[in-house]
Structure formats: C-alpha cells, structure tokens
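The values are calculated or read from the model by the stated rules, or taken from the named source; none is laboratory data. These numbers were taken from a predicted model, which means no experiment stands behind them. Positions of Cβ are generated from backbone atoms using ideal geometry, with glycine treated the same way; all protein chains shown enter the neighbour counts. We work out accessible area using only protein heavy atoms, side chains counted, and drop any ligands, DNA or RNA first. Shrake-Rupley method; radii C 1.70, N 1.55, O 1.52, S 1.80 Å.
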Amino acid sequence: MRWFFLIAAMLVPLAGQAAASPCLTRGTGDMGIIIERAAGSLQVVDTTAHSELFRVEGLGDLSHASAVYSRDARYAYIFGRDGGLSKVDLLCGTLVKRVVQGGNSIGGAISQDGRLIAVSNYEPGGVKVFSAESLELLADIPATRLPGGKGSKTVGLVDAPEQRFVFGLYDTGEIWIADLTDPKAPRLQRFKDIGRQPYDGLITPDGRYYIAGLFGEDGLALLDLWHPERGPSRILNHYGRGKKQLPVYKMPHLEGWAVAGDRAFLPAIGLHEILVVNRDGWQPAGRIQVHGQPVFVMARPDGRQIWVNFAFPNNDTIQVIDTETLKIIKTLKPGKGALHMEFTPRGEEVWISIRDLDQVKIYDTRTLEQTASLPADKPSGIFFTSRAHKTGL
Amino acid sequence: MLNCKSLMAGTALALFSLAGIADSAPQRKAEILHLLKHDCGSCHGMRLQGGLGPALVPERLKPFSAEQLAATILHGRPGTPMPPWKPFLTEQEALWLAGLLKKGIEP
C-alpha cells in the first residue's frame, strides 16, 4: 500500500500544475451564493466554514437579482435586472455562459426535470424558455399586448409539477399556466380577471396552489393546479390592506412560503402587519403587528419561527416571531439595508445581507445571537443550494 | 399622465427652484443619491433603466418639466405603486433630484 501513497503524493503537484482552473472536488450541499448587487458580482460561499470560496464578476445589473439551481446543485442560474441570464459553476467559480435575453427581467425558474430555465420579463413582457444546458432559446411566450403595443409585465414566475410554469401578468390582471412538455410548442392556459395588478406570486411547497398577491385590490388570487379548470378564486378578500391604502416603499416578496403547521404567514401590503391564514379553507386566522412594512416573511425550515425584514425606512430591523404564540420574540438591529435572509438547509443558522455595512451577518436561530459575519460588496440576495430540490425556489 | 393637482403643486414648486439645494451639505446630497440608487432603484432599477416602475432616463422624462417630476416624487401617483416621498424629501430636494434625472444621471 505504501508505494501507492508515495506515487499519489508525487502526482498531486503535477496535477495541480496541469489543471487550467482550480476547480474544487467536493459536494455542493453546503454551498451557496451571495449577490453583490452594485458590483455586478457574486460570492460562492461555504456555509459550513462561513467562508468565501470564489468571487465571480461580470454579471451585469444585479439589482433585484434572483437565482435558481441545477438539479445537481453544481450550477447557479442568475437572473439580472438588465435581462441577463448567467450560468455560474459553483465548483470552479466561473461564469460558464451569459446571455442577455430581454430588456428588463424580474426573475426565473427551473423546470421540474431541470432541463429548462424560464425567465419572466418586464420589457418586453413575457416569458422566455432556455435550455438549462446551453442557454439556447427554446420558446418565447409573449404576454398580452397593451394598447400601444407593449406587452404586459410578467411577474411571480414559478415552476410547477408536470413540467409547467405559472406566472402573473401585472398590467392585464391574468394568471397563465405554460405546459412545456414539448418546449418547442408550449401549451398555455390563460385565466383572465384574476384581480388588479398581480405583483408577485408563490407556489406552495407541494406544488399544488399558486397564489398571486394583488397590488390593485385587497386580496389574493388562488389557483388550484390540481384543478385549473375550476379557475382562480379570491382569498383574504378585504382583509389585507384596510380601507385607507398606505404608501408602499418597497413591494413585498411572496417568494417562499412561510408555513407552520396549519398556518401560513404573508406580508400585508402597506400595513405594518403580517397576515396569518388558516390553510384549511384559506380563512384569515389573525394579524401580527410588526415594526414596519414587511418585505420577506420567511419560516425557519422547521416552521417554529418566522423571520421578517422591512421596507425603507425600517430596513435596519429584523423581527423574529414565534409561530405558536404569534408573539415577537426578538427585534434585531443588524444595520441599514437588511435586504434578504436565507436559512441553512435545516435552519440552525440564518444569513442576512446588510447592504449598507457591506456585510453578511450570520445568526444562530436558537440563541438569536450573531455568531459570524462575512464581508460582501453591497450584498442583496442570498441563495443556498438546498433550493435545488424545492418546487418554486 | 399627471393630474391637475400635481401640475399646480409643480407650479408652486417652481418658486423654490431658485433657492435649490445648492447650499445643502454634500452629505445630504450623497444621502439622496443613495436613496435614488437603492430605494427608488428597487422599482425603477438600480441603473434607472426601469422595472416595475418606468425607466428614469432623459429621453423618457423629456415631456415632463422638472416641477412636474418633483410633484410626482413628492406626492406619488395614485393607482400605481409610486408612493409619495414627501416624508423623506423636501420640495427643494425633490426639484434638485428631478433636475438631475432630466439631465441624466448614473447613480
């Protein structure tokens, strides 16, 4: 055996010299990315070691950027505001390919089988579908035209079971289901008059219900994807916004689904409140008064806590809510521009980007104390590879 | 696009334009530009190329006077997600910002 190790030891330096790029040989399950919105770059991070592994640059305008993962969790697909779709190799820390697919995009999704990437666009409105492998354009689904010829902005794009994508049309008040079983010939189901100005959408983790938040009306539209023929219905009607609509300084996000037991938690629009919904029948089950207008309302993976961040001018604060008592158990002041939170796969930690401090702060979710931090250039979205295997993320 | 009330408010604002915020501390200007980039930017794009809200580039803003734009900044646009920024900006500051946007600015 000893000779084997000797030869191996001699070979290692040679292999190191021969390799063109220092790609890692490891699993990606404890890895993720941090978007650096102003610099147009991202960090590839190790969530066990709390360290940066690579920095990848040249990703364009990353304001409001989001990401999804390939099913082998090796590649991240980043959707930039400037219409850029970038594929990044986490193990090599390289930009594999980048295409500018639209004028102005707002997010994307990966198909159930991992072969397709869909991107929703504000400009021109619609959804484009690409090969996850090559980023070659496979399908173009233009949105309903508005008077004047522009397409409706598309929002809240998610993947759904049976190789479908679901999204909302902001200007025309629609929800569309696109079946991409044959990527060259998408089959569309269009639902009109679902409510005014759907601004974002989410899908429940089981992939059954699509919910669109409405900006122009007090309520949400719910579509049962097991029974799309029944059409969308309205939930929380006249419950969320109140009589007097308050100004909204940042649109809330519905990404992710904060659910604990029988209850789900949603950000109210314009109000300093979180809405609690009973999942059995989608009836209102309470409201929680919070520090500001909520942006992200996220459940710790075990559902025991809800973490909330807030819109300007309250974006220096994070609150933690106990889902049993619906009481705020902690108010944190991590710094100005607390933009996004991401839990480690089983929830013992949460990473929070603090834009104005150029830092990502890491908190222990049991003690609610900060345990570490990482430098990052104006960090915004944080996305861990555990998203690779979750519908809607 | 702008209603009568906004136009009137705009006219009233014009009176402040001479004073401007030329004398304001550079620190305050930096704060406003930070607000523009990161908070206006969450809807209009960090590079002001548009998003849920329209692009804030000279070509698109041409039909509007600085006073009209300042009125929109301060009072918002009812029926759209554009909120009033009056709690955070003075009239002079809004007018200064409107002027910058019309000239073209890369925050």
Practice problem: Bin all alpha-carbon pair distances of chain A at 10 Å intervals from 0 and give each bin's fraction as a whole percent. | Solution: 5, 23, 33, 25, 9, 3, 2, 0, 0
Self-check item: For residue A:225, distant residues with modelled amide H under 5 Å away
Solution: A:209, A:210
Quiz prompt | Relative contact order of segment A:106-250, pairs being alpha-carbon contacts under 8 Å that are 6 or more residues apart, as % | solution = 14 percent
Exercise. Using only the alpha carbons, work out the radius of gyration and Dmax of segment A:12-170 in angstrom.
Key: 16.9, 65
Quiz item: Hey, what does the equivalent ellipsoid look like for segment A:257-327, semi-axes from the Cα gyration tensor as sqrt of 5 times each eigenvalue, largest first, whole Å?
Solution: 19, 13, 9
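With the contact rule set at Cα under 8 Å and sequence spacing of 6 or more, what percent relative contact order holds for chain A? Please list the in-between numbers first.
Details: 1091 pairs, mean separation 44.1, N = 393.
It comes to 11 percent, rounded to a whole number.
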Quiz item: Most mobile of A:175, A:194, A:288 per a Gaussian network model of chain A (Cα springs, under 10 Å)?
Solution: A:288
Self-check item: Relative contact order %, segment A:234-309, counting alpha carbon pairs below 8 Å whose residues are six or more apart
Solution: 28 percent
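Stokes-Einstein at 37 °C, 0.692 mPa s, Kirkwood radius from Cα pairs: D for segment A:250-369 in µm² s⁻¹? Intermediate values should be presented prior to the final figure.
On the way: Rh = 14.1 Å.
Using the Kirkwood radius from Cα pairs, D works out to 233 µm²/s.
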Quiz item: Could you give the angle, 0 to 90 degrees to the nearest 10, between helix A:2-18's Cα long axis and the longest principal axis of the Cα atoms of chain A?
Solution: 60 degrees
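What whole-number volume per residue, in cubic angstrom, does the convex hull of the C-alpha atoms of segment A:106-250 give? Kindly include the intermediate steps, with their values, before the conclusion.
Values: hull volume 17.5 nm³, N = 145.
Each residue corresponds to 121 Å³ of Cα convex hull volume.
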Practice problem: List the accessible area buried at the contact between A and B, summed over both sides and calculated with a 1.4 Å probe, in Å² to the nearest 100. | Solution: 2000 Å²
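Could you work out the helix-only [θ] at 222 nm for the protein assembly as shown, with each DSSP H run of four or more residues adding -39,500 (n - 2.57) and the total divided by the number of residues, to the nearest 500 deg cm²/dmol?
Numbers: 7 runs with 69 residues, N = 500.
When only DSSP H runs of four or more count, the value is -4000 deg cm²/dmol.
Carbon and sulfur together cover what percent of the accessible area of the protein assembly as shown at a 1.4 Å probe radius? Before the final figure, lay out the partial values.
Numbers: 11670 of 21480 Å².
Roughly 54 percent of what the probe reaches on the protein assembly as shown is carbon or sulfur.
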Quiz item: Points 7 angstrom from Cα along the Cβ direction at residue A:348 and residue A:237: gap in nanometres?
Solution: 4.8 nm
